[in-house]
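A quick write-up on the structure given underneath.
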Amino acid sequence: MDKLKEALQEGSLVPFLGMGVFKDTKTTDGTQLPYDSDSMILALNNGRAMSDRLMYEYSRAAMSLEQRKGREFIIQMTNHIYSSKTYELPFVYEYLKTIQPKYLIDTNMDESGCKVYEEVPHFMVTGVSRIMADYDRFLVYFYDVASKTYNPIAKEQLSDELPILFKPMGAPIPEMNFIVSDADFVDWLTEAMGGYAMPPFLKAYKQDKSYLFLGVDFSRDTFRMVANEITLGLKDGYIVTNKEELTKKEQKFITSHNLELIQSETDQFLKDLE
């Protein structure tokens, strides 16, 4: 355990966060923040379940809603889920705030990852999809502590001189961009496979890194593909889960990516690291 904390601090072990870190997070009015695919679908659809086919994965459900109500509806609904109510920073982010990793991958679509670095200058890279300007599916920002603002910069300015926060599925700030529906994921993954989902610096920087997967559900196809593209060239890593049984696809992903399974609740695992 000591070695894991040390590796997080020195940057050889990269935290990779998924929706599961919100399992115990409620807004001030008692609303549960989405922490898995099902709860995300309910949040997007005003608390109503959808057909079994659509309930399989939230990106599929979001695509159905987008076809009926338009893409802007999905963007605004996603923003509403994370920005309309206040909630305490989940323990995972509070813990990472004490370490401020050199590189953090946060696939969640809220501002919690930003709060890890809110007191220090840092870079943020956010994912975008379905844009016509070029092939790049990312935007790069520099965070200015004095003004507490993210300012756009050229991708060539990214370096490891400051911490890097990578939010591949988008964020509500400084521009509202989210990768939520099937069409978003297909576009992002297509360009990711062509090498356009990460700035050139990150593509080189991520090589031979180890990853610590927290709150990530690999039972869904989409997120296995997303994680595979983001961690291409990885050395090994760990996945923390309290699931008693894993699906064959999850097990295959863990084995093929040389990951060690740690059976634990995410928060408890981090408390044990202390």
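Of the helices (runs of 4 or more DSSP H) entirely within segment 67-151, those holding at least 1 residues that are in contact with an Asp or Glu (Cβ under 7 Å, 6 or more places away or on another chain) and under 30 Å from Gly194 (Cα atoms) occupy 71-83, 112-116.
Being in the same structural domain as Leu165 (by TED's automatic domain parsing), under 20 Å from the mean Cα position of the chain (by Cα) and buried (at least 17 other Cβ atoms within 10 Å of the Cβ) holds for only one residue in Tyr93, Tyr58, and it is Tyr93. For the residues Thr86, Thr78, Thr98, Thr126, the requirement of being surrounded by fewer than 14 Cβ atoms within 10 Å (Cβ to Cβ) and touching a residue at least 24 places away in the same chain (Cβ under 8 Å) singles out Thr86. Among the residues of segment 178-199, not one is in a strand (DSSP E or B) and either in contact with an Asp or Glu (Cβ under 6 Å, 6 or more places away or on another chain) or surrounded by fewer than 23 Cβ atoms within 10 Å (Cβ to Cβ) (or both). If the condition is being part of a helix (DSSP H, G or I) and either in contact (Cβ under 8 Å) with a residue 40 or more places away in the chain or in contact with a Cys (Cβ under 7 Å, 6 or more places away or on another chain) (or both), then segment 45-64 contributes Tyr58, Ser59, Arg60, Ala62, Met63.
On the given criteria, is Glu118 within 14 Å of Pro172 (Cβ to Cβ) and surrounded by fewer than 20 Cβ atoms within 10 Å (Cβ to Cβ)? No: the conditions fail for Glu118.
Checking each residue in segment 135-152 for being among the β-branched types (Val, Ile, Thr) and over 24 Å from Glu229 (Cα atoms) picks out Val145, Thr149.
The values are calculated or read from the model by the stated rules, or taken from the named source; none is laboratory data. Treat the numbers as computed from the prediction; the structure is a model and nothing was measured. So basically every Cβ, Gly included, is an ideal-geometry build from the backbone, and we count neighbours across all protein chains shown.
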